[in-house]
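The next block holds one structure in the form of structure tokens; read it before the comments.
The values are calculated or read from the model by the stated rules, or taken from the named source; none is laboratory data. Quick caveat: nothing in here was measured; it's all calculated off a predicted structure. Neighbour counts are summed over all protein chains in view; Cβ atoms, including those assigned to glycine, are modelled from backbone coordinates with ideal geometry.
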Amino acid sequence: MDDSSLKALLEHVPVFWGELDEPWRARFDGRVPGAGRPSGGSGTHSPTGGRAARADAHPGAPEVPGRYDAFAGLADLAPAAAFLRDSEGRYLWANHAYAHLYGTVPEQLVGKYIEDFDAPAEAVQFRALDQEILGRGTPVRHTLDYRRPDGTPGQAVGHRFPVREDERTCIAGIYVDITDQLRTRVQWQEAEDNLQALRDHSGLPCALLSANGRVVQASAAAAEVFQLGLPELVGRRAHTLLAPDPGLDRLHRRWNGLIARRTRRVETSAVLVDAEGRQRRAQLHLTTVGHSTARARHVWAVVTHQSLAHETHPSLTAAQIRILSLLAAGSSNGDIATSLKLSRQTVDYHLSRLRDLLGAATRPALVARAYVLGILSPRAWPPRSATATHPLSTA
């Protein structure tokens with residue numbers, strides 16, 4: 001295989017390469033990394049060395065280092081599968097990556113014909129493709145289906161093109177195995193489809209947020225929570241969906257911890273505000289997506305345990321929150337007064353005031369309103385405040 005043929009192959013290798021013509025000085029043969037064809041000539045036509053098999057090598061002949069020995073070694077060890085065939089379909093040269101496609105080694109390929117390794121129908125197709133390339137004199141992009149050594153189907157994509165070898169025109173080919181890439185793409189698409197189905201049909205209000213807090217994707221249930229159309233919700237900044245709350249500073253700190261990957265999951269509460277200005281307390285589950293960068297690019301936010309949407313009420317005092325907790329636990333007015341070291345009249349006043357604030361006429365209704373408005377935690381016993389910084393509380 002002469003140097004011009006080898007260099008033609010190397011043009012298609014999906015890695016950077018260069019020629020060393022002096023110690024510690026690289027010459028890229030008129031090209032820069034990532035560029036296409038060389039701008040200079042093809043050089044002299046001396047045989048190349050390297051470990052790739054060659055049809056015209058003479059057994060026992062002394063190995064004479066050639067100018068392109070390094071290139072031949074590169075072509076042999078490159079991840080791209082490369083070969084050279086004559087017009088009769090006989091392999092003149094192949095590297096290890098190409099031989100691996102057939103579960104063999106280059107020495108077993110060289111000197112053999114297409115029919116020795118490919119099924120009859122495929123051999124006819126490959127010969128026809130070779131003749132087309134020879135006739136047109138231009139490269140052809142080609143996808144190669146093959147059977148992997150483990151029996152599973154594989155696929156490689158690359159180019160076949162004419163090259164000059166020993167004063168004759170031959171067919172060179174170079175391929176990159178894309179089997180694992182295609183399989184990964186299919187798995188990724190399946191995961192995307194599953195996630196989309198979960199997002200759209202689970203009924204959970206959820207949204208994908210960018211690192212700067214903008215809504216990238218959202219479920220229909222999330223749009224319903226905020227009384228918005230889905231197109232209106234996507235693209236909004238998350239802070240515009242949150243009511244002013246003493247706990248926002250803490251939420252912001254925890255968000256920064258997520259983005260900086262100091263933590264991956266956060267469970268917290270926040271007060272959401274819809275398009276009509278109504279508020280509801282909800283639990284937020286925040287999870288970062290991926291591990292590939294130092295900073296998280298996206299965060300999934302899932303809303304659970306929503307309170308009833310309500311108009312803004314005057315803030316409740318810490319004493320009123322504690323009275324509601326004890327009332328929900330079944331304490332009488334006298335028990336509440338004793339527990340909080342208040343007079344019975346003070347407790348009666350607070351309960352009367354709470355009934356007015358929350359629109360509840362009876363003690364059971366007052367407890368029920370405290371839960372549905374998110375004042376009391378639905379998952380705690382004995383009853384307690386949903387958060388130490390509830391929007392209806394000065395505590």
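Which residues, taken from region 374-383, are touching a helix residue (DSSP H, G or I) at 6+ places or on another chain (Cβ under 7 Å), of a type outside the set (Val, Ile, Thr) and buried (at least 17 other Cβ atoms within 10 Å of the Cβ)?
376, 383
Please tell me if residue 195 is of a type outside the set (Lys, Arg), out of contact with any helix residue (DSSP H, G or I) (no Cβ under 6 Å at 6 or more places or on another chain), surrounded by 11 or more Cβ atoms within 10 Å (Cβ to Cβ) and at pLDDT 90 or above.
The answer is no for residue 195.
Taking the conditions exactly as written (assigned by TED's automatic domain parsing to the domain that holds residue 374 and assigned to a helix (DSSP H, G or I)), does residue 342 satisfy them or not?
Here the answer is no, as residue 342 does not meet what is asked.
Quick check, is residue 196 farther than 21 Å from residue 302 by Cα and not hydroxyl-bearing (Ser, Thr, Tyr)?
For residue 196, the condition - farther than 21 Å from residue 302 by Cα and not hydroxyl-bearing (Ser, Thr, Tyr) - is not met.
In this structure, does residue 155 turn out to be surrounded by 10 or more Cβ atoms within 10 Å (Cβ to Cβ) and assigned to a helix (DSSP H, G or I)?
no
Could you list, in sequence order, the residues of region 176-204 that are under 23 Å from residue 97 (Cα atoms) and of a type outside the set (A, V, I, L, M)?
177, 179, 180, 181, 183, 184, 185
Quick check: is even one residue across region 106-125 at negative phi, surrounded by fewer than 19 Cβ atoms within 10 Å (Cβ to Cβ), assigned by TED's automatic domain parsing to the domain that holds residue 74 and touching a His at 6+ places or on another chain (Cβ under 9 Å)?
No.
Count, please, the residues in region 100-113 that happen to be without any contact (Cβ under 8 Å) to a residue 40 or more places away in the chain and in contact with an Asp or Glu (Cβ under 8 Å, 6 or more places away or on another chain).
1
What are the residues in region 300-318 that are surrounded by fewer than 17 Cβ atoms within 10 Å (Cβ to Cβ), modelled with pLDDT of 75 or more and farther than 18 Å from residue 207 by Cβ, if any?
Within region 300-318, 317, 318 qualify.
Among 35, 82, which is the only one that is modelled with pLDDT under 60 and either more than 37 Å from the chain's Cα centre (by Cα) or not hydroxyl-bearing (Ser, Thr, Tyr) (or both)?
None of the others qualify; the one that does is 35.
Take region 132-146 and flag every residue that is assigned to a strand (DSSP E or B) and either in contact with a Phe, Trp or Tyr (Cβ under 9 Å, 6 or more places away or on another chain) or hydroxyl-bearing (Ser, Thr, Tyr) (or both).
Passing the criteria: 140, 142, 143, 144, 146.
Do we find that residue 173 is of a type outside the set (Lys, Arg), closer than 30 Å to residue 102 by Cβ and surrounded by 15 or more Cβ atoms within 10 Å (Cβ to Cβ) in this structure?
Criteria met by residue 173.
Have a look at 271, 266 and point out the one that is within 30 Å of residue 201 (Cβ to Cβ), surrounded by 14 or more Cβ atoms within 10 Å (Cβ to Cβ), among the β-branched types (Val, Ile, Thr) and touching a residue at least 40 places away in the same chain (Cβ under 8 Å).
One residue alone meets the criteria, 271.
Could you list all residues from region 347-361 that are touching a helix residue (DSSP H, G or I) at 6+ places or on another chain (Cβ under 8 Å) and surrounded by fewer than 15 Cβ atoms within 10 Å (Cβ to Cβ)?
348, 359, 361
Looking for whichever is at pLDDT below 85 and either surrounded by 15 or more Cβ atoms within 10 Å (Cβ to Cβ) or touching a strand residue (DSSP E or B) at 6+ places or on another chain (Cβ under 8 Å) (or both) here; the options are 50, 137, 60, 89. Which one fits?
Going through 50, 137, 60, 89 in turn, the sole match is 50.
Take residue 168 and tell me if it is modelled with pLDDT under 85 and of a type in the set (Lys, Arg).
Spelling it out, it is not the case that residue 168 is modelled with pLDDT under 85 and of a type in the set (Lys, Arg).
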